[in-house]
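The values are calculated or read from the model by the stated rules, or taken from the named source; none is laboratory data. Because the structure is predicted, anything quoted here is derived from the model rather than measured. Cβ placement follows ideal geometry from the backbone for every residue including glycine, while neighbour counts extend to all protein chains displayed.
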Amino acid sequence: MAATYELYTLRLHSEPFINYSYLIVDTRTREAAVIDPAWELNPIRSLIASKGAVLKSILLTHSHHDHTNLVKPLVSLYGCDVHISRDEAAFYSFRCDRLTTFEDGQQIRIGDTAITCILTPGHSYGGACFAAEGSLFTGDTLYIEGCGICTTAGGDPEAMFDSIQRIKTIVQPETRIYPGHSFGMPPGCTFDQLEERNIYYSIDKKEAFVSFRMRRTNTLFQFQ
Ligand SMILES: [Fe+2]
């Protein structure tokens, strides 16, 4: 069955960050959702306009600033709803206009397109991934070549291990990953390809995972 949505990837900058935001447009209704609106409002507005899309929802994988920076201006412009997990909103006291919270397994509909919210704590207390047909949007839980750090408030490497194991049970080899950052291959590769590149994904013992994730590194994002 063909996917019911079109997917557009935005690579957005604000020193020192490079983030990926995504626009999902339901093919029939043109209703749309933005995942993790990061930086640079104009490219997002232009894309929405050029695709004839009607922005209905903002989906947040977690509350970190580089994933939520444009929530306020987008809500002001489009009057769209903002979705974040209940755990994430509660732990970090995340607030904005038109905020609504979801539970693990809840579905959000964008026209004919169903998006399933999957709680994946570890990088943040109530982080989530979003699954649409053939695609998984992973925020800072899982990157193509790594996974998010677990050292900031609410982070937990044991929870991260469990979340990655859970992702393995959800995806197919041909499922495509769309993370919040990417440091090598661009977003959209398959889990088949990810498996060959991602050490964190391949470690199957929790203790080994935790000590590897929590080792001292001196890179800014500590993703590898
Ligand atoms: Fe983050």
Would segment 109-122 turn up any residue that is within 16 Å of the ligand (Cβ to nearest atom), farther than 19 Å from residue 30 by Cα and touching a Phe, Trp or Tyr at 6+ places or on another chain (Cβ under 8 Å)?
yes
Looking only at segment 22-51, which residues are free of Cβ contacts under 8 Å to residues at least 24 places away in the same chain and within 22 Å of residue 111 (Cα to Cα)?
46, 49, 50
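Results for (1) more than 23 Å from residue 58 (Cα to Cα); (2) modelled with pLDDT under 95, shown as yes or no for each residue.
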{"site": "109", "(1), (2)": "no, no"}
{"site": "121", "(1), (2)": "no, no"}
{"site": "127", "(1), (2)": "no, no"}
{"site": "160", "(1), (2)": "yes, no"}
{"site": "164", "(1), (2)": "yes, no"}
{"site": "186", "(1), (2)": "no, no"}
{"site": "212", "(1), (2)": "yes, no"}
{"site": "224", "(1), (2)": "yes, yes"}
State which residue is farthest from residue 66 (Cα to Cα) when the search covers only segment 117-146 and only residues that are within 12 Å of the chain's Cα centre (by Cα) and among the β-branched types (Val, Ile, Thr).
118
Residue 92 meets each of (1) within 16 Å of the ligand (Cβ to nearest atom); (2) surrounded by 14 or more Cβ atoms within 10 Å (Cβ to Cβ); (3) under 17 Å from the mean Cα position of the chain (by Cα); (4) not aliphatic (A, V, I, L, M) with one exception, condition (3)
For residues that are in a helix (DSSP H, G or I) and without any contact (Cβ under 8 Å) to a residue 40 or more places away in the chain, tally how many sit in segment 84-101.
3
